[in-house]
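The values are calculated or read from the model by the stated rules, or taken from the named source; none is laboratory data. What you see is a predicted model; the values in this text were computed from it and never measured. We place every Cβ from the backbone using ideal geometry, glycine too, and count neighbours over all the protein chains shown.
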Amino acid sequence: MATRRGALVAVAVLLVLAASAETAHGICNISSDGLRACQPAAAVRNPTAQPSAQCCAALAGADLACLCRYKKAAGLWARVYKIDINRALGLPAKCGLATPANC
């Protein structure tokens, strides 16, 4: 459970980073556009009920182990960019994705 939570927190961090990204480079095999596609489903206010197909595609191509390295910064970034951590943590599952065991 803690491993899954860590991977999901990492996704939350990336969503926050996407909100501030100005380039298309992205992080951990997710482009800035892909990260931005996930933000509406994790927003504090008026979130969408489900992540978009673009969000799920971005998460499916992500290096979740890489994302795990960013999980410790999730709380700060989530507050700054108004990302609901619990919603962000649920995105991979809503997309039908498994998280790495070592996260």
Select, from Ala10, Ala41, Ala37, Ala18, the only residue that is under 21 Å from Leu76 (Cβ atoms), of a type in the set (A, V, I, L, M), modelled with pLDDT of 85 or more and within 11 Å of the chain's Cα centre (by Cα). Ala41
So in the stretch 47-74, with the set limited to residues that are in a loop (DSSP other than H, G, I, E, B) and modelled with pLDDT of 95 or more, which one is nearest to Ala101 (Cα to Cα)? Pro51
